[in-house]
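Reviewing the structure listed below.
The values are calculated or read from the model by the stated rules, or taken from the named source; none is laboratory data. Quick caveat: nothing in here was measured; it's all calculated off a predicted structure. No Cβ is skipped: glycine too gets one built from the backbone with ideal geometry, and neighbour counts run over all protein chains shown. Heavy atoms of the whole protein, side chains included, go into the accessibility calculation; ligands, DNA and RNA do not. Shrake-Rupley method; radii C 1.70, N 1.55, O 1.52, S 1.80 Å.
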Amino acid sequence: MSDNTASTTPSGEEHQATAADAAAQALDPLAAAQAEIAALQAKASELQDQYIRGQAEVQNARRRADEEVSKARKFALESFADSLLPVVDSLEAGLAVQNATPEQIREGAEATLRQLISALDRNKVIAINPAAGTKFDPAQHQAISVVPAEQEANTVVNVLQKGYLIAERVLRPALVTVAAPK
């Protein structure tokens, strides 16, 4: 029995090896935890870097969008002004003629008006010129007066001044007289 007891009881060397194994096993979870902490710190650092880059990208996108809007406004006006330059040239040329006849002046004015209307059309400025009998539209017309007429009530009788739309938005309403209810 003493042999059995001797074999089940660890010797001094075996006891040291078992203690070393226990210490190594105790260190393994610690080392594993430290490795996991290091991995998580690296991941957190990577995510923080991605966040900072994302924020910088958003700021750059906003800045570029603001610059594009500013350029669009600037160049839209530039395009409109450019389309009016031939009209200015025509007016200057007409005024440069010293001894023009009334017919020549009228012909020049009509040609200049055609150029101006063409420039406005190219820039989506459309005239509002309702025909007599057209239903009064308060979104596009401004009634100056209501007059008795032989036509349906709330219809345009006469246009006193044309209105204008720019890109489907009223720039100036047409000034009209409207038929009174009977």
Given the structure, is Ala65 open to solvent by less than 80 Å² (accessible area, probe 1.4 Å) and farther than 30 Å from Gln115 by Cβ?
yes
Members of region 86-118 found to be more than 23 Å from Asn129 (Cβ to Cβ) and surrounded by fewer than 11 Cβ atoms within 10 Å (Cβ to Cβ), listed by number
Glu92, Ala96, Gln98, Asn99, Thr101, Pro102, Glu103
Please enumerate the residues belonging to region 153-163 that are part of a strand (DSSP E or B), open to solvent by 50 Å² or more (accessible area, probe 1.4 Å) and either over 30 Å from Phe80 (Cα atoms) or touching a helix residue (DSSP H, G or I) at 6+ places or on another chain (Cβ under 8 Å) (or both).
Asn158
Unmet requirement for Ser145, which otherwise passes all of (1) loosely packed, with under 13 Cβ neighbours inside 10 Å; (2) assigned to a loop (DSSP other than H, G, I, E, B)
(2)
For region 120-137, the count of residues that are open to solvent by 50 Å² or more (accessible area, probe 1.4 Å), in contact with a helix residue (DSSP H, G or I) (Cβ under 6 Å, 6 or more places away or on another chain) and in a loop (DSSP other than H, G, I, E, B) equals 0
Could you list, ordered by first residue, the pairs with Cβ atoms under 9 Å in which the first is in region 98-122 and within 18 Å of Ile166 (Cα to Cα) and the second is open to solvent by 60 Å² or more (accessible area, probe 1.4 Å) and among the polar types (S, T, N, Q), at least 6 apart or interchain?
Arg122/Ser79
Which pairs have Cβ atoms under 7 Å, sit 6 or more apart or on different chains, and link a residue in region 163-179 that is farther than 12 Å from Gln142 by Cβ to one that is assigned to a loop (DSSP other than H, G, I, E, B)?
Ile166/Lys124; Ala167/Lys124; Ala179/Ala149; Ala179/Gln151; Ala179/Glu152; Ala179/Ala153; Ala179/Asn154
With respect to Glu150, determine if the residue is of a type in the set (Asp, Glu), within 30 Å of Leu77 (Cα to Cα) and open to solvent by 80 Å² or more (accessible area, probe 1.4 Å).
no
Restricting attention to region 165-182, which residues are in a strand (DSSP E or B) and open to solvent by 60 Å² or more (accessible area, probe 1.4 Å)?
Ile166, Arg169, Leu171, Arg172
